[in-house]
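The values are calculated or read from the model by the stated rules, or taken from the named source; none is laboratory data. The structure presented is a predicted model; accordingly, all values stated were derived computationally and were not measured. Virtual Cβ from ideal backbone geometry, glycine too; neighbours counted across all protein chains shown. Ligands, DNA and RNA are stripped out before the accessible areas are found, and what is left, the full protein with its side chains, is counted by its heavy atoms. Shrake-Rupley method; radii C 1.70, N 1.55, O 1.52, S 1.80 Å.
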Amino acid sequence: VKKIAVLTSGGDAPGMNAALRAVVRTANYYNIECYGVREGYNGLIHDDFLKMDPRSVKNIINQGGTILKSARSMEFKTKEGRQKAYNNCIKHGVDAIVCIGGDGTFTGAKIFNEEFGIKVIGVPGTIDNDIFGTDNTIGYDTALNTAMEAIDKIRDTATSHNRVFFIEVMGRDAGFIALNSGLATGALDILIPERKDSIDELFANFRNAERTGKSSSIVVVAEGEKLANIYELAEKTQQEFPDYDIRVAILGHIQRGGSPSCADRVLASRLGYGAVIGLMEGQTNVMAGMRSNDLVYTPIEEAIKKHNEINKEILLISEILAI
Ligand code: ATP
């Protein structure tokens with residue numbers, strides 16, 4: 001490869017900038033020209049390329065969001081849109097694209113590669129941790145810590161007023177943020193889509209908490225929870241326990257922002273580097289990931305289709321420790 005382009009796409013995640021920095025600097029180190037593409041696939045279509053050198057990415061390793069901006073591009077989902085994108089790649093002499101994003105981003109990359117033969121490599125950047133082929137995605141650790149700190153703060157006020165809080169955390173269809181932030185904050189119960197939850201079990205946990213003299217309770221609910229939405233859960237609980245002072249808190253987009261954690265900066269640096277090295281070694285249509293501390297490449301198709309399993313032991317531990 002002689003010239004690569006790099007873009008960030010889909011939902012933004014803390015650490016995307018650190019990944020971008022790693023891609024740009026690794027490419028420059030190995031004398032590969034590098035373009036940044038603004039606003040995800042929209043930038044490919046609308047010819048929004050900017051030449052990047054090591055100084056273009058100074059002072060961004062610690063910044064949340066993405067300096068290239070991200071976008072959801074409807075046009076890239078059409079053949080005409082992708083044709084325009086390809087024409088622009090040819091115009092700039094770009095022979096490979098590093099796509100930092102989630103499964104939607106990878107689906108777009110895979111289709112683009114299959115249609116036009118241009119090399120693509122994925123870097124998993126999403127707070128949801130829902131990508132197969134890497135133990136953690138970039139942004140997940142930061143989001144987890146943000147959720148944990150917010151839940152800690154809510155717990156302080158819950159305890160002061162003997163309140164019950166239902167707290168919704170992000171994660172789309174995955175319960176990784178909920179499970180781990182719930183364990184880390186000592187939640188009474190954790191409701192995640194990967195497990196079939198029942199309202200009776202939830203009520204049993206509340207009764208048990210009463211018996212053991214708990215003065216406040218936190219229930220962490222994944223946004224993708226299937227049992228019921230968080231307001232319905234709170235309502236049903238209120239009907240069952242009329243004395244409870246129940247509140248609902250939805251953490252929302254604070255979980256997407258902020259300076260990336262050390263773990264995310266290191267992961268992003270390793271995967272950004274890994275993406276460029278992979279391309280140099282002839283890899284294409286794969287995603288760079290980190291498993292058991294090793295850099296690995298997984299076919300993009302597998303990364304999209306398969307799912308990381310929830311750690312059942314963590315689930316069990318969270319139940320044991322909530323007594
Ligand atoms: P996150 O999971 O954090 O939201 P994501 O990468 O899954 O990130 P999406 O919005 O699903 O976010 O996808 C990002 C972009 O990828 C889309 O806006 C679109 O441009 C492109 N894309 C997604 N699916 C396809 C597809 N089937 N064909 C072509 N492009 C696609």
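Length available on full extension from Glu210 to Tyr231: 0.36 nm per residue minus the Cα-Cα distance, which gives 5.4 nm.
The alpha-carbon atoms of the chain define a convex hull whose volume equals 119 cubic angstrom per residue. Looking at the range 261-323, the GluC sites (Glu not before Pro) that sit in a DSSP loop and have at most 11 other Cβ atoms within 10 Å of their own Cβ are Glu281, Glu309.
Annotation: aspartates and glutamates with alpha-carbon distance below 17 angstrom to Lys3 (same-chain offsets under eight excluded): Glu33, Asp47, Asp48, Asp53, Asp95, Glu281. Take Arg163: with every protein chain present and a 1.4 Å probe, its accessible area is about 40 Å². Couplings 3J(HN,Hα) for the range 215-225, derived from phi with the Karplus relation 6.51 cos²θ - 1.76 cosθ + 1.60 (θ = phi - 60°), are 9, 8, 9, 10, 10, 9, 10, 6, 4, x, 3 Hz, where x marks Gly and Pro.
Mean projected area of the Cα convex hull of the range 118-217, taken over all directions, amounts to 7.5 nm².
Report note on the peptides 124-136, 178-190, 243-255: ranked by the mean count of other C-beta atoms within 10 Å, highest first, their order is 124-136, 178-190, 243-255.
Take His46: with every protein chain present and a 1.4 Å probe, its accessible area is about 110 Å².
The chymotrypsin sites (Phe, Trp or Tyr not before Pro) found in the range 29-101 that occupy coil by DSSP, while having at most 14 further C-beta atoms within 10 Å, are Tyr30. In this simple spin-label model, placing a label point 7 Å from the Cα along the Cα-to-Cβ direction at both Glu309 and Lys58 gives a separation of 4.9 nm. Compared with the alpha-carbon gap, the fully stretched path from Ser292 to Ile320 is longer by 7.4 nm at 0.36 nm per residue. Between the helical axis of 140-161 and the dominant principal axis of the chain, each derived from Cα atoms, what acute angle in degrees is found, rounded to the nearest 10? Tilt relative to the chain: about 20 degrees. With a simple spin-label model that places each label point 7 Å from the Cα along the Cα-to-Cβ direction, the separation between Asp243 and Asp200 comes to 2.4 nm. With a simple spin-label model that places each label point 7 Å from the Cα along the Cα-to-Cβ direction, the separation between Ser160 and Arg72 comes to 3.8 nm. Only Cα pairs under 8 Å and 6+ residues apart enter the sum, and on that basis the relative contact order of the chain stands at 24 percent. For the range 278-318, trypsin sites (Lys or Arg not before Pro) meeting the loop criterion (DSSP other than H, G, I, E, B) and having at most 15 other Cβ atoms within 10 Å: Lys306. The average projected area of the range 76-151, computed from the convex hull of its Cα atoms over all directions, is 6.1 nm². At a Förster radius of 35 Å, what calculated FRET efficiency corresponds to the Cβ-Cβ distance of Ala263 and Glu80, to the nearest 0.05? Taking R0 as 35 Å, the efficiency between Ala263 and Glu80 is 0.30.
The phi torsions of the range 123-132, fed into the Karplus equation with coefficients 6.51, -1.76 and 1.60 and a -60° offset, translate into couplings of 10, x, x, 6, 6, 6, 6, 9, 10, 7 Hz, rounded to whole numbers, with Gly and Pro shown as x. With every protein chain in place and a 1.4 angstrom probe, the accessible-area ranking of Val94, Val1, largest first, reads Val1, Val94. Taking the inverse of the mean 1/r over every pair of distinct Cα atoms in the range 42-173 gives a Kirkwood hydrodynamic radius of 17.6 Å. Remark: the Ile277-Glu302 segment gains 7.0 nm on full extension, using 0.36 nm per residue and subtracting the alpha carbon distance.
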